[in-house]
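> Have a look at this one.
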Amino acid sequence: MRAIMHVDMDAFFASVEQRDHPDLRGRPVVVGGSSQRGVVAAASYEARKFGIRSAMPAAVARKLCPEAIFVKGRHAHYRAVSAGVFECFARITDCIEGISIDEAYLDLSQQVHTQADMLAIGRQLKQTISSELGLSASVGMAGSKLVAKLASDYDKPDGLIWIPDEAVQRFLDPMPVSRLPGVGPSTASKLHDIGILTIGQLRLSPLELLTPALGNHAVAYQARAAGLDDRAVKSERKRRSISQETTLNEELHTLDDIERIIHQQAGQCAERLLQKGLFARTVHLKLRSAGFSTLTRSRTLDAAMRDPERITKPVIELARAWARYQTRISVRLIGVGVSGLVQHPDRDDLL
Ligand SMILES: [Mg+2]
């Protein structure tokens with residue numbers, strides 16, 4: 001059985017800002033566009049209610065919703081958070097095709113045998129992303145990339161949906177034809193001119209009707225309208241992060257004990273960077289408490305590095321900053337990771 005999952009983070013940049021700044025939660029937040037000529041990079045769902053969309057000029061967004069809060073984008077931070085999201089994907093499969101900073105296809109054909117398996121994996125992934133990163137994702141699953149992507153979008157935000165092969169036509173047919181990947185505004189308007197408004201109408205139209213509008217591509221468009229798509233998930237074999245994790249037999253109650261393990265793990269990460277000829281731009285710390293709440297913190301370094309001491313120090317600082325606000329320390333899992341991997345410390349060739 002072919003099982004493809006499309007995962008898309010919900011309003012990613014805006015959600016990260018709302019997660020990090022509780023005063024922004026529940027309010028219309030626009031990332032980017034702080035200058036008069038800027039454009040909107042992302043809008044929270046509260047802002048979308050006013051019609052604000054990404055790529056819209058900031059001036060238009062301001063008119064639509066004068067009370068919207070404009071936040072400057074923190075792209076290095078979003079990249080670090082994204083590395084954490086992709087790390088969650090990597091626990092399920094190696095076959096991951098990243099489409100953008102907050103979107104990927106996963107091929108789960110090897111591990112999935114029934115629809116129940118697939119839904120369980122999707123639910124678990126959403127749960128992991130929510131508990132570890134405090135973010136929500138929409139997950140669409142199907143036998144093809146085409147349908148999986150339309151599915152994740154259909155059930156947004158916080159969605160989880162599986163479209164079995166036998167339901168594909170029922171799912172696609174009522175959608176506006178412009179939703180079909182590859183149908184841009186000009187193709188859509190040609191189709192509208194010949195009376196084709198939905199994907200179902202495109203699928204069922206005689207080829208003679210379509211050819212004048214679509215030319216040689218008519219057959220390909222019709223196949224797409226029927227949900228036929230055998231494109232493979234192209235996993236980039238490139239490594240995005242390196243991490244070490246230890247689940248403890250007994251909970252640790254002192255910062256000293258935690259720091260000892262961090263030293264060990266950070267040393268191992270540095271060792272593996274050296275073996276692979278890589279340098280890291282970002283360090284991550286993960287701590288799970290006895291109550292199973294998981295905290296992840298990351299810090300972007302001034303420069304890419306792999307020196308054990310310089311990798312360890314910022315992680316220790318993250319742990320100390322965390323400990324300062326704990327009334328009682330009780331930790332049962334510790335993880336240290338590095339991401340933003342580059343081959344040269346002073347060049348911008350992110351892997
Ligand atoms: Mg998204």
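> Taking the stretch 257-286 as the region of interest, how many residues are in a loop (DSSP other than H, G, I, E, B), touching a strand residue (DSSP E or B) at 6+ places or on another chain (Cβ under 6 Å) and not hydrophobic (A, V, I, L, M, F, W, C)? Give the steps one after another, and end with the answer.
As a first pass, look at the stretch 257-286 and keep what is in a loop (DSSP other than H, G, I, E, B): 277-278.
Retained after the next criterion (residues that are touching a strand residue (DSSP E or B) at 6+ places or on another chain (Cβ under 6 Å)): 278.
From what's left, not hydrophobic (A, V, I, L, M, F, W, C): none.
Qualifying residue count, the stretch 257-286: 0.
> Now for a different question. If you check every pair at least six apart or on different chains, which have Cβ atoms under 7 Å apart with a residue in the stretch 182-206 that is not assigned by TED's automatic domain parsing to the domain that holds LYS145 first and a residue that is in a loop (DSSP other than H, G, I, E, B) and of a type in the set (S, T, N, Q) second?
So the pair list comes out as ILE196/SER205.
> Quick test for you: out of ARG53, ARG79, ARG37, pick the one residue that is without any contact (Cβ under 8 Å) to a residue 40 or more places away in the chain, of a type outside the set (Ser, Thr, Tyr) and either within 16 Å of the ligand (Cβ to nearest atom) or assigned to a helix (DSSP H, G or I) (or both). Reasoning before the result, please.
Working: ARG79 fails: without any contact (Cβ under 8 Å) to a residue 40 or more places away in the chain; ARG37 fails: either within 16 Å of the ligand (Cβ to nearest atom) or assigned to a helix (DSSP H, G or I) (or both).
The match here is ARG53.
> Return the residue satisfying two criteria in turn: it lies in the stretch 268-308 and is closer than 29 Å to THR327 by Cα and more than 26 Å from the chain's Cα centre (by Cα), and of such residues it is modelled with the highest pLDDT.
Looking at the filtered set, the residue picked out is ALA290.
> Might you check whether a residue that is among the hydroxyl-bearing types (Ser, Thr, Tyr) and either assigned by TED's automatic domain parsing to the domain that holds VAL219 or part of a loop (DSSP other than H, G, I, E, B) (or both) occurs anywhere in the stretch 145-157? Can you show your working first?
Here is the first cut: in the stretch 145-157, the residues among the hydroxyl-bearing types (Ser, Thr, Tyr) are 152, 154.
Now restrict to residues that are either assigned by TED's automatic domain parsing to the domain that holds VAL219 or part of a loop (DSSP other than H, G, I, E, B) (or both): none.
Looking through the stretch 145-157, none of the residues is among the hydroxyl-bearing types (Ser, Thr, Tyr) and either assigned by TED's automatic domain parsing to the domain that holds VAL219 or part of a loop (DSSP other than H, G, I, E, B) (or both).
> From the list VAL233, VAL219, VAL168, which residue is among the aliphatic types (A, V, I, L, M), assigned to a helix (DSSP H, G or I) and under 30 Å from the mean Cα position of the chain (by Cα)?
Values: VAL233 fails: assigned to a helix (DSSP H, G or I); VAL219 fails: under 30 Å from the mean Cα position of the chain (by Cα).
VAL168 is the lone residue from the list that is among the aliphatic types (A, V, I, L, M), assigned to a helix (DSSP H, G or I) and under 30 Å from the mean Cα position of the chain (by Cα).
> On to the next question. Looking at the stretch 1-17, can you tell me whether even one residue there is farther than 22 Å from THR300 by Cβ, within 12 Å of the ligand (Cβ to nearest atom) and either in contact with an Asp or Glu (Cβ under 6 Å, 6 or more places away or on another chain) or β-branched (Val, Ile, Thr) (or both)? Before you say what the answer is, go through the steps one by one.
Keep residues of the stretch 1-17 that are farther than 22 Å from THR300 by Cβ, which gives 1-8, 10-11.
With the extra rule that they be within 12 Å of the ligand (Cβ to nearest atom), the set shrinks to 6-8, 10-11.
Now narrow it down to the ones that are either in contact with an Asp or Glu (Cβ under 6 Å, 6 or more places away or on another chain) or β-branched (Val, Ile, Thr) (or both): 7-8.
Yes, there is a match, as at least one residue in the stretch 1-17 is farther than 22 Å from THR300 by Cβ, within 12 Å of the ligand (Cβ to nearest atom) and either in contact with an Asp or Glu (Cβ under 6 Å, 6 or more places away or on another chain) or β-branched (Val, Ile, Thr) (or both).
> Can you pull out the residues in the stretch 18-34 that are within 15 Å of the ligand (Cβ to nearest atom) and surrounded by fewer than 17 Cβ atoms within 10 Å (Cβ to Cβ)?
Selection gives ARG19 alone.
> Please determine whether any residue of the stretch 241-256 is modelled with pLDDT of 90 or more and part of a helix (DSSP H, G or I).
Looking for residues that are modelled with pLDDT of 90 or more and part of a helix (DSSP H, G or I), one finds at least one in the stretch 241-256, hence yes.
> Quick test of your reading of the structure: ILE92 fulfils all but one of (1) over 12 Å from the mean Cα position of the chain (by Cα); (2) assigned to a helix (DSSP H, G or I). Name the failing condition by number.
Exception for ILE92: condition (2).
> In the stretch 97-121, what residues are within 16 Å of the ligand (Cβ to nearest atom) and either touching a Pro at 6+ places or on another chain (Cβ under 8 Å) or not polar (S, T, N, Q) (or both)?
Taking the stretch 97-121 first, the residues within 16 Å of the ligand (Cβ to nearest atom) are 97-106.
Scanning the stretch 97-121 gives GLU97, GLY98, ILE99, ILE101, ASP102, GLU103, ALA104, TYR105, LEU106.
> Looking at (1) among the hydrophobic types (A, V, I, L, M, F, W, C); (2) touching a residue at least 40 places away in the same chain (Cβ under 8 Å); (3) outside any helix (DSSP H, G or I), which is the one condition that is false for ALA319?
(3)
> Okay, next question. Looking at this structure, is GLY84 in contact (Cβ under 8 Å) with a residue 60 or more places away in the chain, within 16 Å of the ligand (Cβ to nearest atom), under 22 Å from the mean Cα position of the chain (by Cα) and over 19 Å from SER136 (Cβ atoms)?
Working: in contact (Cβ under 8 Å) with a residue 60 or more places away in the chain: yes; within 16 Å of the ligand (Cβ to nearest atom): yes; under 22 Å from the mean Cα position of the chain (by Cα): yes; over 19 Å from SER136 (Cβ atoms): no.
For GLY84, the condition - in contact (Cβ under 8 Å) with a residue 60 or more places away in the chain, within 16 Å of the ligand (Cβ to nearest atom), under 22 Å from the mean Cα position of the chain (by Cα) and over 19 Å from SER136 (Cβ atoms) - is not met.
The values are calculated or read from the model by the stated rules, or taken from the named source; none is laboratory data. Owing to the predicted nature of the structure, the values given are computational and were not obtained by experimental measurement. Please note: Cβ atoms are built from the backbone with ideal geometry, for glycine as well, and neighbour counts cover all protein chains shown.
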